[in-house]
Amino acid sequence: MAWMFWWLAQLTAPPGPAQPSAGGAAAPGTGDGGMFGGTFNFLLFMLPLLFLFMLLTQKSQPKEQQRQKKLLEELKKNDRVITAGGLLGTVVNISNDSEFVTIKIDENNNTKLQVLKQSIVRVLKDDEATKDVSTKSS
């Protein structure tokens, strides 16, 4: 890890004094290339960072897929759910062989919707469901 800090210090160190030409201005093409010393050094600096970013984001994806799969396997009738579209409803009909779930979204009119199981992103616990109902009625 210490080598990365040394390397970064080498990249960001100011260049030596430029050799002025006869006219007093630096010759074309002798510039320091900015903070990273040119395109090649910039790529050498950015590629490990890009690789680290990809590694960290890829690591969390299987965990999220496993959590979603477990959530859908444990889904049962009368669970309060939230869909990806933000709809709040109660599961009325669910079967293991179908990819659809029927949810009731309105108690007064008995309005029901069929949604894909994959669109259910959260199952509300009893305390969350009662809190939501109490805020809706007031």
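Only the coordinates and a few stated rules stand behind these numbers; no lab work does. Here the structure is a predicted model, which is why all the values come from computation and not from measurement. Please note: Cβ atoms are built from the backbone with ideal geometry, for glycine as well, and neighbour counts cover all protein chains shown.
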field: Selection from segment 101-128 of residues that are of a type in the set (A, V, I, L, M, F, W, C) and closer than 15 Å to GLY85 by Cα
entry: VAL101, ILE103, ILE105, LEU113, VAL115, LEU116, ILE120, VAL121, VAL123
- request: Go through segment 49-94 and give me each residue that's in contact (Cβ under 8 Å) with a residue 24 or more places away in the chain and either exposed (fewer than 11 other Cβ atoms within 10 Å of the Cβ) or assigned to a helix (DSSP H, G or I) (or both).
  value: GLN68, LEU71, LEU72, GLU74, GLY85
